[in-house]
């Protein structure tokens with residue numbers, strides 16, 4: 001069965017450092033991999049999408065890589081700020097079918 | 001983008017009763033999804049609701065327990081039937097907007113507590 005793992009349940013880093021979150025999957029061949037941010041009491045908010053034929057995607061301080069051989073995506077937040085503290089979810093998508101979310105990583109950026 | 005609202009935002013219900021959650025979108029969308037998020041857990045897809053056809057349920061979810069309506073392109077309801085404490089969860093609707101890489105826009109969620 002499909003399985004998605006995110007590197008850790010919680011990650012603490014110092015302000016200004018780069019946060020790196022990992023998403024690994026098995027028994028799945030996604031066409032897209034997406035990253036969402038979820039704040040307490042709110043629905044997830046879309047951040048970035050990367051396609052299976054793309055290696056890297058950037059948006060402001062965010063960078064996502066996608067290695068279909070390793071079945072892994074890395075999500076980086078550079079120059080992290082306390083406002084970046086949230087739960088980050090990866091999600092796999094196969095053209096709108098079999099949309100599956102990972103368990104999430106709770107990031108805390110300490111001032 | 002799409003703006004999604006849900007009603008109610010939260011409710012406390014008695015065992016054995018049913019609750020209907022409404023999801024309203026500010027634009028016409030083809031795909032709507034219903035998720036469940038149990039405390040401290042990630043999102044689990046319950047069903048996909050496309051207008052004009054019956055909802056498609058994921059493994060472990062059945063229509064008798066979670067009937068869904070999709071009367072038009074801007075509205076959907078999810079009913080949680082014959083509730084038990086195990087149904088206590090946050091229920092979220094989301095929409096997929098065609099042409100934007102399948103990203104999903106989520107509503108704020110409905111926090112359900114079953115006593």
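Laboratory data are not the source of any read-out in this text; all were calculated from the coordinates shown. Note that the structure is a prediction, hence the values are computed from the model and not measured. Here the Cβ positions follow ideal geometry from the backbone for every residue, glycine too, while neighbour counts run over all protein chains shown.
List of remarks:
- Column: log10 I(q)/I(0), Debye, Cα scatterers of the range A:32-75, q = 0.15, 0.27, 0.33 Å⁻¹: -0.39, -0.93, -1.18
- Between residue B:113 and residue A:62, the FRET efficiency estimated from the beta carbon spacing at R0 = 25 angstrom works out to 0.10.
- Label-to-label distance, nm, for residues given as residue A:94 and residue B:9 (7 Å Cα→Cβ offset): 3.9 nm
- Percentage relative contact order, the range B:30-89, counting C-alpha pairs under 8 Å, at least six apart: 27 percent
- Pairwise label distance in nanometres, residue B:28 with residue A:12, each label 7 Å out on the Cα-Cβ vector: 5.3 nm
- Shown here are the Rg and Dmax of the Cα trace of the protein assembly as shown, at 17.7, 51 Å.
- Largest-first principal axis extents, alpha carbons of the range A:1-65, Å: 35, 25, 21
- Taken residue by residue and averaged, Cβ atoms of other chains lying within 10 Å of the Cβ of B:104-114 number 3.
- Relative contact order (%) - criterion: Cα under 8 Å, at least six apart; region: chain A: 36 percent
- Approximate spin-label separation residue A:53-residue B:62, in nm, with each point projected 7 Å along Cα-to-Cβ: 4.4 nm
- Compactness of chain A - radius of gyration and Dmax, Cα, Å: 13.3, 41
- Taking the centroid of alpha carbons for each part, the range A:52-103 and the range A:29-47 are 8 Å apart.
- Residue mean of other protein chain beta carbons inside 10 Å, B:37-47: 4
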